[in-house]
1. Using Cα-Cα distances under 8 Å and only pairs 6 or more residues apart, what relative contact order does region 1-139 have, in percent?
2. Sequence gap at least 6, Cα distance under 8 Å: using those rules, report the relative contact order of region 123-171 to the nearest whole percent.
3. How large are Rg and Dmax for region 149-196 when only the alpha carbon atoms are used, in Å?
4. Given 20 °C and 1.002 mPa s, how large is the Stokes-Einstein diffusion coefficient of region 48-87 in µm²/s, with Rh as the Kirkwood radius over Cα pairs?
5. Take the chain, connect every pair of alpha-carbon atoms lying under 10 Å apart with a spring to form a Gaussian network, then pick out the residue of Ser208, Ser140, Ser109 with the largest mean-square fluctuation.
6. At a 1.4 Å probe, what is the % contribution of carbon and sulfur to the accessible area of the chain?
7. Residue-wise, which Karplus ³J(HN,Hα) couplings in Hz belong to region 178-183, taking 6.51 cos²θ - 1.76 cosθ + 1.60, θ = phi - 60°, and x for glycine or proline?
8. What length, rounded to one decimal in nm, is gained on full extension from Asn145 through to Asp61, with 0.36 nm per residue of separation minus their alpha-carbon distance?
Amino acid sequence: MELYNDLLPDPLPTEPMALAAAWLATALAARQQPNPDSMVLATAAASGQPSARVVLCKEIDVELGRVSFVTNYDSRKGRELAENARAALVFHWDHVHRQIRVEGVVVKSPAAESDAYFETRNWQRRIGAWASAQSQPLRSREQLNQALRAAADRFATPHPTPDNSGQALEVHIPRPPFWGGYYVWADAVELWIEGAARIHERARWTRSLTTAGAGLRSGPWSATRLQP
């Protein structure tokens, strides 16, 4: 697309997730960067100390208004989410001059869903998930290699190496109990399009989220345009 040749709909859509998902689908189809589904995930500890890192978006669920990703529950982000179950996400695509910001409440996805997704990953990644105590101190690279070999021996697979990175293997490797998915239930979404002379297109949607049994109930979205 040409720079400065895109506008947000007027009037604004009643909800932002369909447009956000369409932007992600466009970025995935264009493949103008290696990981168009990458997003910044920002969390904060109970003390308020923030941290941010890049993860991959698994899905934008338009109907429920949530974004999902997977990780190690014992990682720094997992520990911070256990202390403070809120997060912020940022998707940014330079080539199409678009950005999405999401803020919301974070909950773990059901174990059965995490199991099913883990099973779709190649065996090398599944072995790697078992081997890595993510975010914990590491004495040396060899310590990690030993853990990788031990996990491979445990599940009777070859030791993962660059030479067999593309090798398919039918083997059952269960999901580690410390690995799985999260949902970020959005209560605020901002869509941004770069504009000429710094006159960008920018709008924000907000909604309320309340606890409903073991899940969340959402209120209607409210939309407003923002100064650039």
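1. The value is 21 percent.
2. Here the relative contact order equals 41 percent.
3. So, for region 149-196, Rg and Dmax equal 20.0, 58 Å respectively.
4. 187 µm²/s
5. Looking only at Ser208, Ser140, Ser109, the biggest GNM fluctuation is shown by Ser140.
6. Carbon and sulfur together cover 52 percent of it.
7. 9, 10, x, x, 10, 10
8. Result: 26.5 nm gained on full extension.
The values are calculated or read from the model by the stated rules, or taken from the named source; none is laboratory data. Worth saying up front: this structure is predicted, and the values here are computed from it rather than measured. Here Cβ is always computed from backbone atoms with ideal geometry, including for glycine, and neighbour counts include all displayed protein chains. Ligands, DNA and RNA are excluded from the accessible area calculation, which covers all protein heavy atoms including side chains. Shrake-Rupley method; radii C 1.70, N 1.55, O 1.52, S 1.80 Å.
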